[in-house]
Amino acid sequence: MLPDHTACLERARSEEMAGRVVLITGAASGIGPAIATAFAAAGATVAAVDLPGSPLAELVAAIPGMVVYAADLSDPSAAAEMVAHVERHAGPIEVCVQAAGTFSAAAVTETTAVQWRHMFAVNAEATFHVARSVAQVMIPRRRGAIVTIASDAASAPRVHSAAYAASTAAAVMFTRCLALELAPHGIRCNVVSPGPTDTATLQATGPDLTGTIAGALDRWRQGIPQRRVTQPTEIAEAVLFLCADRARHITMRELIVDGGASLI
(Lines give C-alpha, C1' and ligand atoms only; values in the text may rest on other atoms or scores of the structure.)
Protein backbone atom coordinates (compact mmCIF):
# COMPACT_ATOMS: atom_id res chain seq x y z
CA MET A 1 0.00 0.00 0.00
CA LEU A 2 1.38 3.40 -0.99
CA PRO A 3 2.01 5.91 1.81
CA ASP A 4 -0.38 8.83 2.20
CA HIS A 5 1.77 11.47 0.51
CA THR A 6 -0.82 14.18 1.15
CA ALA A 7 -0.73 13.55 4.89
CA CYS A 8 3.08 13.47 4.83
CA LEU A 9 3.18 16.76 2.98
CA GLU A 10 0.72 18.41 5.35
CA ARG A 11 2.65 17.18 8.37
CA ALA A 12 5.96 18.42 6.94
CA ARG A 13 4.42 21.77 6.07
CA SER A 14 2.98 22.23 9.55
CA GLU A 15 6.39 21.62 11.08
CA GLU A 16 8.70 23.22 8.52
CA MET A 17 9.24 26.42 10.53
CA ALA A 18 9.07 24.84 13.97
CA GLY A 19 11.39 26.64 16.36
CA ARG A 20 12.66 29.13 13.79
CA VAL A 21 12.70 32.84 14.49
CA VAL A 22 11.08 34.77 11.65
CA LEU A 23 11.46 38.55 11.49
CA ILE A 24 8.65 40.28 9.57
CA THR A 25 8.72 44.02 8.89
CA GLY A 26 5.49 45.79 7.98
CA ALA A 27 3.80 42.99 9.92
CA ALA A 28 0.77 44.87 11.24
CA SER A 29 -0.79 46.15 8.03
CA GLY A 30 -1.33 45.33 4.37
CA ILE A 31 -0.07 41.86 3.53
CA GLY A 32 1.92 41.66 6.76
CA PRO A 33 -0.72 40.08 9.05
CA ALA A 34 -1.35 37.25 6.57
CA ILE A 35 2.38 36.54 6.40
CA ALA A 36 2.73 36.59 10.18
CA THR A 37 -0.25 34.26 10.57
CA ALA A 38 1.13 31.80 8.00
CA PHE A 39 4.50 31.55 9.71
CA ALA A 40 2.95 31.22 13.16
CA ALA A 41 0.74 28.39 11.85
CA ALA A 42 3.86 26.71 10.48
CA GLY A 43 5.41 26.68 13.95
CA ALA A 44 7.69 29.72 13.79
CA THR A 45 8.40 32.22 16.50
CA VAL A 46 7.31 35.48 14.88
CA ALA A 47 9.01 38.80 15.54
CA ALA A 48 6.67 41.48 14.19
CA VAL A 49 7.94 44.96 13.38
CA ASP A 50 5.99 47.99 12.22
CA LEU A 51 5.79 51.74 12.67
CA PRO A 52 5.02 53.31 16.05
CA GLY A 53 1.26 53.72 16.23
CA SER A 54 0.57 50.77 13.93
CA PRO A 55 -1.91 48.07 15.08
CA LEU A 56 0.75 45.75 16.50
CA ALA A 57 -1.40 45.13 19.59
CA GLU A 58 -4.16 43.69 17.41
CA LEU A 59 -1.64 41.33 15.83
CA VAL A 60 -0.41 40.18 19.25
CA ALA A 61 -4.00 39.43 20.25
CA ALA A 62 -4.39 37.26 17.16
CA ILE A 63 -0.99 35.56 17.43
CA PRO A 64 0.05 35.10 21.08
CA GLY A 65 3.73 34.66 21.85
CA MET A 66 5.04 37.08 19.27
CA VAL A 67 7.90 39.45 19.89
CA VAL A 68 6.94 42.95 18.74
CA TYR A 69 9.03 46.01 18.02
CA ALA A 70 7.99 49.46 16.81
CA ALA A 71 10.42 51.38 14.64
CA ASP A 72 10.75 53.58 11.57
CA LEU A 73 13.15 51.47 9.52
CA SER A 74 13.91 54.28 7.08
CA ASP A 75 16.18 55.47 9.92
CA PRO A 76 19.57 53.78 9.29
CA SER A 77 20.27 53.18 12.99
CA ALA A 78 16.82 51.74 13.71
CA ALA A 79 17.38 48.52 11.74
CA ALA A 80 20.49 47.47 13.68
CA GLU A 81 18.78 48.24 16.99
CA MET A 82 15.71 46.26 15.92
CA VAL A 83 17.74 43.20 14.90
CA ALA A 84 19.63 43.26 18.21
CA HIS A 85 16.33 43.49 20.12
CA VAL A 86 14.78 40.56 18.25
CA GLU A 87 17.85 38.35 18.72
CA ARG A 88 17.94 39.21 22.41
CA HIS A 89 14.24 38.50 23.05
CA ALA A 90 13.35 35.83 20.46
CA GLY A 91 16.61 34.15 19.43
CA PRO A 92 18.78 33.91 16.29
CA ILE A 93 16.94 35.19 13.22
CA GLU A 94 16.75 32.48 10.55
CA VAL A 95 14.18 34.08 8.26
CA CYS A 96 13.56 37.73 7.39
CA VAL A 97 10.52 38.89 5.41
CA GLN A 98 10.58 42.55 4.42
CA ALA A 99 6.92 43.46 3.91
CA ALA A 100 7.12 47.13 4.89
CA GLY A 101 6.20 49.46 2.05
CA THR A 102 4.29 52.56 1.05
CA PHE A 103 2.31 53.63 -2.00
CA SER A 104 0.84 56.88 -3.24
CA ALA A 105 -0.39 57.67 -6.72
CA ALA A 106 0.65 60.82 -8.55
CA ALA A 107 1.64 61.89 -12.04
CA VAL A 108 5.37 62.49 -12.42
CA THR A 109 4.79 66.22 -13.04
CA GLU A 110 2.85 66.44 -9.76
CA THR A 111 5.19 64.31 -7.65
CA THR A 112 7.19 66.43 -5.24
CA ALA A 113 10.80 65.78 -4.28
CA VAL A 114 9.62 65.05 -0.74
CA GLN A 115 7.16 62.40 -1.99
CA TRP A 116 9.84 60.83 -4.19
CA ARG A 117 12.36 60.67 -1.35
CA HIS A 118 9.77 59.20 1.05
CA MET A 119 8.87 56.45 -1.40
CA PHE A 120 12.53 55.49 -1.79
CA ALA A 121 13.20 55.81 1.96
CA VAL A 122 10.52 53.23 2.79
CA ASN A 123 10.53 50.91 -0.24
CA ALA A 124 14.24 50.86 -1.07
CA GLU A 125 16.40 52.34 1.68
CA ALA A 126 14.67 50.53 4.55
CA THR A 127 15.09 47.30 2.59
CA PHE A 128 18.83 47.98 2.47
CA HIS A 129 19.07 48.89 6.16
CA VAL A 130 17.20 45.79 7.35
CA ALA A 131 18.82 43.32 4.96
CA ARG A 132 22.30 44.55 5.79
CA SER A 133 21.70 44.22 9.54
CA VAL A 134 20.12 40.78 9.19
CA ALA A 135 22.88 39.56 6.85
CA GLN A 136 25.52 40.56 9.39
CA VAL A 137 24.07 38.18 11.99
CA MET A 138 23.24 35.40 9.51
CA ILE A 139 26.67 35.17 7.84
CA PRO A 140 28.55 33.69 10.85
CA ARG A 141 25.82 31.03 11.17
CA ARG A 142 25.98 30.20 7.46
CA ARG A 143 22.23 29.83 7.05
CA GLY A 144 19.14 31.93 6.54
CA ALA A 145 16.50 33.14 4.10
CA ILE A 146 15.53 36.69 3.21
CA VAL A 147 12.44 37.58 1.17
CA THR A 148 11.65 41.09 0.00
CA ILE A 149 8.06 42.00 -0.83
CA ALA A 150 8.15 44.31 -3.86
CA SER A 151 5.48 44.77 -6.56
CA ASP A 152 4.71 43.74 -10.11
CA ALA A 153 4.93 47.49 -10.79
CA ALA A 154 8.70 47.01 -10.62
CA SER A 155 8.57 45.32 -14.03
CA ALA A 156 5.43 46.79 -15.61
CA PRO A 157 5.16 50.58 -16.22
CA ARG A 158 2.03 52.24 -14.88
CA VAL A 159 0.75 55.79 -14.99
CA HIS A 160 0.75 57.70 -11.69
CA SER A 161 3.09 55.09 -10.19
CA ALA A 162 6.57 56.20 -11.27
CA ALA A 163 7.97 56.74 -7.77
CA TYR A 164 6.46 53.52 -6.47
CA ALA A 165 7.57 51.48 -9.47
CA ALA A 166 11.10 52.89 -9.40
CA SER A 167 11.53 52.37 -5.66
CA THR A 168 10.27 48.78 -5.75
CA ALA A 169 12.44 48.05 -8.79
CA ALA A 170 15.41 49.26 -6.75
CA ALA A 171 14.43 46.86 -3.95
CA VAL A 172 14.20 43.97 -6.43
CA MET A 173 17.66 44.51 -7.90
CA PHE A 174 19.18 45.15 -4.49
CA THR A 175 17.81 41.82 -3.24
CA ARG A 176 19.15 39.94 -6.25
CA CYS A 177 22.61 41.47 -5.78
CA LEU A 178 22.45 40.64 -2.08
CA ALA A 179 21.59 37.04 -2.97
CA LEU A 180 24.69 36.79 -5.12
CA GLU A 181 26.90 38.01 -2.28
CA LEU A 182 25.30 35.83 0.39
CA ALA A 183 25.02 32.58 -1.57
CA PRO A 184 28.50 31.36 -0.51
CA HIS A 185 27.39 31.81 3.11
CA GLY A 186 24.38 29.52 2.75
CA ILE A 187 21.87 32.38 2.78
CA ARG A 188 19.13 32.64 0.15
CA CYS A 189 17.48 35.88 -0.95
CA ASN A 190 14.37 36.10 -3.11
CA VAL A 191 11.59 38.53 -4.01
CA VAL A 192 7.82 38.14 -4.02
CA SER A 193 6.11 40.79 -6.15
CA PRO A 194 2.34 40.98 -5.69
CA GLY A 195 -0.06 42.54 -8.12
CA PRO A 196 -3.23 44.32 -6.92
CA THR A 197 -3.96 42.66 -3.58
CA ASP A 198 -7.06 42.85 -1.42
CA THR A 199 -5.71 45.10 1.33
CA ALA A 200 -6.82 48.38 2.89
CA THR A 201 -4.62 50.26 0.40
CA LEU A 202 -6.47 48.79 -2.57
CA GLN A 203 -9.86 49.14 -0.91
CA ALA A 204 -9.17 52.83 -0.36
CA THR A 205 -9.29 53.31 -4.14
CA GLY A 206 -13.01 52.47 -4.04
CA PRO A 207 -15.35 49.57 -3.37
CA ASP A 208 -15.68 48.64 -7.04
CA LEU A 209 -12.58 46.79 -8.28
CA THR A 210 -14.03 46.18 -11.74
CA GLY A 211 -11.69 48.74 -13.31
CA THR A 212 -8.65 47.20 -11.64
CA ILE A 213 -9.58 43.75 -12.90
CA ALA A 214 -10.55 44.85 -16.42
CA GLY A 215 -7.75 47.37 -16.93
CA ALA A 216 -8.02 50.70 -18.71
CA LEU A 217 -6.34 51.15 -22.08
CA ASP A 218 -6.70 54.93 -21.95
CA ARG A 219 -4.47 54.91 -18.85
CA TRP A 220 -2.17 52.09 -20.02
CA ARG A 221 -3.24 50.03 -17.05
CA GLN A 222 -3.12 46.27 -17.33
CA GLY A 223 -6.08 44.10 -16.47
CA ILE A 224 -5.86 40.82 -14.56
CA PRO A 225 -6.29 37.75 -16.79
CA GLN A 226 -7.50 35.63 -13.87
CA ARG A 227 -10.30 38.17 -13.34
CA ARG A 228 -9.76 38.70 -9.62
CA VAL A 229 -7.39 40.49 -7.28
CA THR A 230 -4.83 38.60 -5.23
CA GLN A 231 -5.63 37.60 -1.65
CA PRO A 232 -3.06 38.35 1.08
CA THR A 233 -3.01 34.65 2.03
CA GLU A 234 -1.80 33.80 -1.49
CA ILE A 235 1.17 36.12 -1.05
CA ALA A 236 1.84 34.58 2.36
CA GLU A 237 1.91 31.08 0.86
CA ALA A 238 4.46 32.18 -1.76
CA VAL A 239 6.67 33.72 0.93
CA LEU A 240 6.42 30.66 3.16
CA PHE A 241 7.45 28.40 0.29
CA LEU A 242 10.53 30.48 -0.59
CA CYS A 243 11.66 30.50 3.04
CA ALA A 244 11.20 26.77 3.60
CA ASP A 245 13.82 24.04 3.17
CA ARG A 246 11.88 22.66 0.20
CA ALA A 247 13.04 25.79 -1.68
CA ARG A 248 16.65 25.47 -0.52
CA HIS A 249 18.03 25.64 -4.08
CA ILE A 250 16.06 28.74 -5.07
CA THR A 251 17.80 32.09 -4.74
CA MET A 252 18.12 35.39 -6.68
CA ARG A 253 14.59 34.89 -8.02
CA GLU A 254 11.54 37.12 -8.25
CA LEU A 255 8.19 35.36 -7.92
CA ILE A 256 5.43 37.56 -9.35
CA VAL A 257 1.99 36.78 -7.90
CA ASP A 258 -0.45 38.91 -9.88
CA GLY A 259 -2.79 36.66 -11.85
CA GLY A 260 -0.80 37.42 -15.00
CA ALA A 261 -1.39 41.18 -14.88
CA SER A 262 2.22 42.17 -15.61
CA LEU A 263 2.48 39.82 -18.60
CA ILE A 264 -0.04 41.54 -20.87
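Observations on the structure shown:
- Cross-chain or 6+ apart pairs with Cβ under 7 Å, the stretch 231-257 first and at positive phi, then of a type in the set (Lys, Arg): 252/176
- Residue match in the stretch 172-181 (condition: under 13 Å from residue 103 (Cα atoms), in a helix (DSSP H, G or I) and β-branched (Val, Ile, Thr)): no
- Being modelled with pLDDT under 55 and hydroxyl-bearing (Ser, Thr, Tyr) is a condition met by no residue of the stretch 170-192.
- Single residue of 92, 64, 55 found to be out of contact with any Phe, Trp or Tyr (no Cβ under 6 Å at 6 or more places or on another chain) and at pLDDT 95 or above: 92
- Residue in the stretch 101-117 that is among the small types (Gly, Ala, Ser), touching a helix residue (DSSP H, G or I) at 6+ places or on another chain (Cβ under 8 Å) and not in a loop (DSSP other than H, G, I, E, B) present: no
- Within the stretch 118-151, considering residues that are more than 16 Å from the chain's Cα centre (by Cα) and assigned to a loop (DSSP other than H, G, I, E, B), the one surrounded by the most Cβ atoms within 10 Å (Cβ to Cβ): 143
- Scanning the stretch 118-131 for residues being closer than 17 Å to residue 153 by Cβ and in contact with a helix residue (DSSP H, G or I) (Cβ under 7 Å, 6 or more places away or on another chain) gives a total of 5.
- Yes/no for residue 33 being of a type outside the set (Val, Ile, Thr), out of contact with any Lys or Arg (no Cβ under 9 Å at 6 or more places or on another chain) and under 23 Å from residue 195 (Cα atoms): yes
- Answer from 162, 99, 183, 107 - the residue that is over 17 Å from the mean Cα position of the chain (by Cα) and within 25 Å of residue 237 (Cβ to Cβ): 183
- Residue 114, sole failed condition from (1) at pLDDT 95 or above; (2) crowded, with 17+ Cβ neighbours inside 10 Å; (3) of a type in the set (A, V, I, L, M): (2)
- Count of the stretch 80-105 residues, restricted to those that are in contact with a Lys or Arg (Cβ under 8 Å, 6 or more places away or on another chain) and crowded, with 24+ Cβ neighbours inside 10 Å, is 1.
- Within the stretch 24-46, the residues that satisfy the criterion of being touching a Gly at 6+ places or on another chain (Cβ under 9 Å) and under 22 Å from residue 88 (Cα atoms) are 24, 25, 26, 40, 43, 44, 45, 46.
- Among residues of the stretch 103-114 that are of a type outside the set (Phe, Trp, Tyr), those with a Cβ under 8 angstrom from a residue that is modelled with pLDDT under 95 and not in a helix (DSSP H, G or I), sequence gap 6+ or separate chain, pair up as 105/160; 105/161; 106/160; 107/159; 107/160.
- Residue match in the stretch 216-235 (condition: at pLDDT 95 or above and either farther than 17 Å from residue 33 by Cβ or surrounded by fewer than 21 Cβ atoms within 10 Å (Cβ to Cβ) (or both)): no
The values are calculated or read from the model by the stated rules, or taken from the named source; none is laboratory data. Predicted model only: the values in this text are computed from it and were never measured. Backbone-built Cβ (ideal geometry, glycine too); neighbour counts: all protein chains shown.
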